[in-house]
Amino acid sequence: MKRGLCRMEHELASREDFREILDDLKARGVEGVVINHPCDDGYLKDEAGWARLNEAIDYAKDLGFNVWLYDEKGFPSGKAGTYVVQSNPDFQAKGITYLARDRIAKGEIFAFDLPDDLDEIIYVYVERGNVRFPIPFSARQVVFKDTRPNDSVHIFASRKFHEGSVAGSSGSGEKYANIMDERAARKFIEVTYEEYFRRIPNIGEKIDAFFTDEPALAEGYIYNEIAPNMWWTRGYKYANVSWRDDFAEEFSREHGYDLLLRGRDLFRGDDEESCLTRIHYRSTAARLVGEAYFSQIEKSCRAHGTRLSGHINNEEYLHEHVLYYGNLFTVLDKEDYIGTDILNGCIEELMYRDRRFIGNKFVGSLARIRGKTDVVMAELCPVRDRAYVNAAEIKAVCSYLYFCGVNYINSYYRPATDEESRNLSDYLKFLYANLGGKTKDGKIAVYYPIETMQALVKPLCVPHEDVYRSKEHVVGKIEENLRGLAENIWARGLDFEFADAAALRSAKIENGKFVIAGMEFSVLILPDIRYLPKDIFRRIRKMQESGISAVWLGGQSEIILFEERGRKIARAKVTNAPYECFESAAVKAAKNKIRWTSKDKFLYAEFLQSGKITGMFVNNDGIFKTIRFPRGAKLTAARFTGNEAANEAVNGSLAVAPYETVFVTKR
């Protein structure tokens, strides 16, 4: 595929003048488009729309464009407009909520009628001292006569999601599908993907990939319809967790115990037992989302000679990984071309004020540690700071994306002039020319602490960002610590990759290093760890015995170790250091291969290919900076000056312009 700028063009097949539009894009240096069937009342059914889409695809291919297809009418993907839920109301996003009655009085008969705004009761148990046992119930009523003093009754009921959640966030009013339900995902494939496969002749020869946009579970509240500007005065009635009809059976097969008999743990409790239940629940949820939605679509695409890409919702916050899909690394690695998005076009806003940079690092790291780096896509959509975007800063944002691992841009951003558009497209090709085919020199791995976050995050009755993004909450503190850790590493001229449990299990330990997907690491940082799989803890101990530096930061001196199956837990003592002290071990073990100094700060990473070492310097600031190298070092610099790439020999120092990226290769 070509690597210049590609455009998101949803309306192209709705326009009679699509040829003129494509000609104009070609003249602006654009090398690809993401298009779709017209998103009007005849979505996926209008014959004229199909005819025009095919004509647009053929014309785009004649112009030499990459062509991707967008898979939804708006967003989030998974609903096919209204078709999926209309075909079967049971396909709507749904979950369970928890209702409890504590401390029944002596001799009291317990009776409960389900509120009208809930669908049906799915499980009821009584807790009597340390004993829990299920009791009979009907779809809408519970009557329990054999009560004892201080019994508590725990009721779980199903409900469908829409208000206040990602399900209603597109503003279209369409009911969202349950992406955890393989039947709903199969219906989405049938009415969307299979229709494209049927309607576009030789689709595998024409379409490079499908773009799926922000699929997510819909249990969490992201805005407040009841009191939009005063969430603290009143929340929603119910907190929820996502569900499908056979979830309890899937959970039991995976973890070996009855989830619903511990159902209260999903909603309440900070003790170890409750936290373990939540970790196991989110593990199953992530697996089911990956299998039901991403794997099914990926297989369908591959069967027709194309590939699956796109991005998922809100990669920027760990707690949203938990709420929206359970585990980002588990679900997103089911894509052929792993993707992310970025909502900033101003690099200083992204890095220093908004500070949402960590999401792209999560996704880029996933692509690298899974070895899926041929195409790593970013959707460029600078809606958060569009008033401040200029040509220099948008290139710096793209440099940051490529620094993280991206190498393909689908853009909603439209440069102001034809010249700026051609320049940006050429700049993306310059970035790819200097990074494509190279292997990242890993040096430092940072553990993806999803299990700890799964343990701590509980469903809420208010918008979750109002609670979990607060620095006063333990979840918000961990999020902030992780951003600070990234900044601390970068400030010392180093870089890192996130690595999850699966990556550590597959890592090869050799010569005082561990190797993941060809990347060598000498340091493993474990940030704010409270819960960890037992086999990973043993793996870390083996790494340490082999001379690898493992640095525990910011967490507790005693952590909880658990297994995927069963409820056995153990405790382990670890030596934690404050976040600002990590460099004492990490910097000594993670040395750059190209020696350089600067009083200024750069994002810096090293890449290897055929024995050559290339360093990438990214200047995120609007000031000139200088890099100094040892006298006599044989180095060549590649930079993009004006409208073209140029190489130059480095003689002792290198001046770097505001927002510029320079590649230095050791000869």
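A few comments on the model shown:
- The convex hull built on the alpha-carbon positions of the stretch 474-525 has an orientation-averaged projected area of 4.4 nm².
- Heavy-atom accessible area per residue - the stretch 88-215, 1.4 Å, Å²: 43 Å²
- Averaged over its residues, the stretch 317-366 has an accessible area of 15 Å² per residue, based on protein heavy atoms and a 1.4 Å probe.
- Relative contact order computed over the stretch 114-193 (Cα-Cα under 8 Å; 6+ residues apart), in percent: 26 percent
- Taking amide H as placed 1.01 Å from N in the peptide plane, the amide H of ASN66 sits under 5 Å from that of LYS2, GLY32, VAL33, each at least 5 places away or on another chain.
- Residue-wise HN-Hα couplings along the stretch 410-417, as the Karplus relation 6.51 cos²θ - 1.76 cosθ + 1.60 with θ = phi - 60° gives them from phi, are 9, 10, 7, 5, 10, x, 5, 10 Hz; Gly and Pro carry x.
- Based on Cα contacts under 8 Å between residues 6+ apart, the chain shows a relative contact order of 11 percent.
- Sulfur and carbon atoms: percent of accessible area, the chain [1.4 Å]: 47 percent
- For the stretch 229-362, convex hull of alpha carbons as volume per residue, Å³: 171 Å³
- Here the stretch 37-85 was treated as a single set of alpha-carbon atoms; its pair distances binned every 10 Å from 0 give 26, 44, 27, 3 percent.
- When you work out D = kT/(6 pi eta Rh) for the stretch 274-332 at 4 °C and 1.567 mPa s, using the Kirkwood radius from C-alpha pairs as Rh and the Stokes-Einstein form, the result is 106 µm²/s.
- Three semi-axes describe the equivalent ellipsoid of the stretch 501-570; taken as square roots of 5 times the Cα gyration tensor eigenvalues and ordered largest first, they are 22, 14, 10 Å.
- Peptide packing: for 143-149, 320-326, the average count of neighbouring Cβ atoms within 10 Å per residue gives the ranking 320-326, 143-149, highest mean first.
- Separation in nanometres of the label points that stand 7 Å from Cα toward Cβ, at HIS473 and ARG667: 5.6 nm
- Listed by number, the DSSP H helices of the chain that run 27 Å or longer by alpha-carbon position along their axis and have mean Kyte hydropathy of at least 0.0 come to an empty list.
- A quarter of the convex hull surface defined by the alpha-carbon atoms of the stretch 2-128 gives 13.0 nm² as the mean projection.
- In this structure, the amide hydrogen of ASN240, modeled 1.01 Å from its nitrogen in the peptide plane, lies closer than 5 angstrom to those of LEU460, counting only residues at least 5 positions away or on a different chain.
- Percent of beta bridges antiparallel (DSSP, the chain, rounded to nearest 5): 65 percent
- Among VAL662, ILE312, ALA93 the positive-end extreme of the charge dipole of the chain (Cβ point charges): VAL662
- Rg/Rg_ref, the chain, where Rg_ref = 2.2 N^0.38 Å and atoms are Cα: 1.01
- Computed over the Cα atoms of the stretch 365-425, the ratio of the radius of gyration to the Kirkwood radius (Rg/Rh) comes to 1.01.
- Each residue of the stretch 195-202 is assigned a 3J(HN,Hα), and the resulting list reads 5, 5, 4, 6, 8, 9, x, 6 Hz, derived from the Karplus form 6.51 cos²θ - 1.76 cosθ + 1.60 (θ = phi - 60°), x at Gly and Pro.
- Sparse-neighbourhood loop sites, GluC sites (Glu not before Pro) in the stretch 36-123 - DSSP loop, at most 16 other Cβ within 10 angstrom: GLU108
- Residues whose amide H falls under 5 Å from that of ILE312, counting only those 5 or more places apart or on a different chain, are GLU214, with hydrogens built in the peptide plane.
The values are calculated or read from the model by the stated rules, or taken from the named source; none is laboratory data. Source: prediction; values computed, not measured. Neighbour counts run over all protein chains shown; Cβ positions are idealised from the backbone, glycine included. These area figures cover heavy atoms from the full protein model, side chains too; ligands, DNA and RNA do not enter into them. Shrake-Rupley method; radii C 1.70, N 1.55, O 1.52, S 1.80 Å.
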